[in-house]
Amino acid sequence: MQKVIWIVGASSGFGRDCALKLLQMGGYKVFVSSRRAELMQDLAQMGACVLPLDVCDETSVNTACQTILEQENRIDALLANAGLGVYGMVEAVDMADIHYQFDVNVFGVARCLKAVLPQMRQQKSGRIVITESLAAHASCIGIGWYAASKHALRGMHTALRQELHGTGVKVIAIEPGRVKTDFWQTAGADIQNNIKDYQQLTDNFIAYMDKPTYWQTPSTDSTVKAMIHALTADKPKTVYRTTHDAKLFPLLMKFMPNWLYDKIVLSQLGVK
Ligand SMILES: NC(=O)c1ccc[n+]([C@@H]2O[C@H](COP(=O)([O-])OP(=O)(O)OC[C@H]3O[C@@H](n4cnc5c(N)ncnc54)[C@H](OP(=O)(O)O)[C@@H]3O)[C@@H](O)[C@H]2O)c1
């Protein structure tokens, strides 16, 4: 029987590359979702079933899940990957945008996992794979609300993993560090600041993030490999740290005093 896998956030980046890989491997029934259906047409041609949705819209999430269940009668794995970065200085980001950050990255994951869990518990098997981030462990200037959203996911997934113990449903976190996808294009396009005192810092942050060297980072390969393992292996790990920075930083943070961490970040952004 083909395993049924639902990838939410599949129109670009990790989600898209993960869908491509699964389709190339064959042997899986792959459903792909995100808002921009037009970007998933080539996945459809390769055999994926496209179910457009917005994770901020509960009805669209539930309708997509229902479609999968009507067609397949089961769902083996969810990759809750949809996410974006609302970047900017903590005080300078509008309340509406802070809500939006959590609506996509946290409540969006909540909507997806609540849609699939009743079926997974009933079939006594399944897995929820959540794309978190190095930012679930570490934060720094300019990414405060994004890091808060990923910290929130980490807090939630630990509880969920324990709550589902013995049900046959596994909960797995994917923690990439910096990887070149469309992520910065979205996050960087929209940085707001209307507080004069933060202007220099905001400019320095954008200049730092815009440096081509900053994004000369790994391809999606190691993260996609981890996602595939998490979605399909008999014995997946509970957490996959998929890039060198994601492996190193959480360890360093345990031992580094805050004053030293702050000093390093500030000096990187040209602050004396
Ligand atoms: N790239 C990195 O350095 C990095 C590092 C750590 C973690 N991550 C995480 O990896 C995940 C994927 O990001 P990426 O790097 O692959 O960036 P990306 O290329 O920008 O992909 C983001 C995906 O999320 C989808 N999405 C965003 N808002 C959505 C919404 N409201 N409803 C449905 N889908 C939505 C997008 O589809 P539509 O716009 O078509 O809806 C797109 O498919 C995110 O959770 C991100 O936080 C990225």
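Assorted remarks:
- The single condition from (1) outside any loop (DSSP other than H, G, I, E, B); (2) out of contact with any strand residue (DSSP E or B) (no Cβ under 7 Å at 6 or more places or on another chain); (3) not hydrophobic (A, V, I, L, M, F, W, C) that K170 fails is (2).
- In the stretch 154-180, residue surrounded by the most Cβ atoms within 10 Å (Cβ to Cβ) [restricted to those that are touching a His at 6+ places or on another chain (Cβ under 9 Å) and of a type in the set (D, E, K, R)]: E175
- Lone qualifier among L160, L153, L117 - being in contact with a strand residue (DSSP E or B) (Cβ under 9 Å, 6 or more places away or on another chain), within 15 Å of the ligand (Cβ to nearest atom), in a helix (DSSP H, G or I) and among the aliphatic types (A, V, I, L, M): L153
- Pick from the stretch 66-114, criterion of a type in the set (D, E, K, R) and part of a loop (DSSP other than H, G, I, E, B), ranking: farthest from the ligand (Cβ to nearest atom): R74
- Of all residues making up the stretch 19-43, the number that are within 14 Å of the ligand (Cβ to nearest atom), outside any strand (DSSP E or B) and not hydroxyl-bearing (S, T, Y): 12
- Residues located in the stretch 1-18, provided they are more than 6 Å from the ligand (Cβ to nearest atom) and in a helix (DSSP H, G or I): R16, D17, C18
- Pairs, first without any contact (Cβ under 8 Å) to a residue 12 or more places away in the chain and over 18 Å from T220 (Cα atoms) in the stretch 181-204, second of a type in the set (V, I, T) and away from the ligand (no atom under 12 Å from the Cβ), C-beta under 9 Å, six or more apart: Q200/V271
- Filter pass, C140 being farther than 17 Å from I5 by Cα, hydrophobic (A, V, I, L, M, F, W, C) and more than 12 Å from the chain's Cα centre (by Cα): yes
- Once the stretch 181-209 is narrowed to residues that are buried (at least 16 other Cβ atoms within 10 Å of the Cβ), part of a loop (DSSP other than H, G, I, E, B) and under 22 Å from the mean Cα position of the chain (by Cα), the residue that is nearest to the ligand (Cβ to nearest atom) is T181.
Values quoted throughout were computed directly from the atomic coordinates according to the rules given, and no laboratory measurement underlies them. As the structure is a computational prediction, the values presented were derived from the model and not from experiment. Neighbour counts are summed over all protein chains in view; Cβ atoms, including those assigned to glycine, are modelled from backbone coordinates with ideal geometry.
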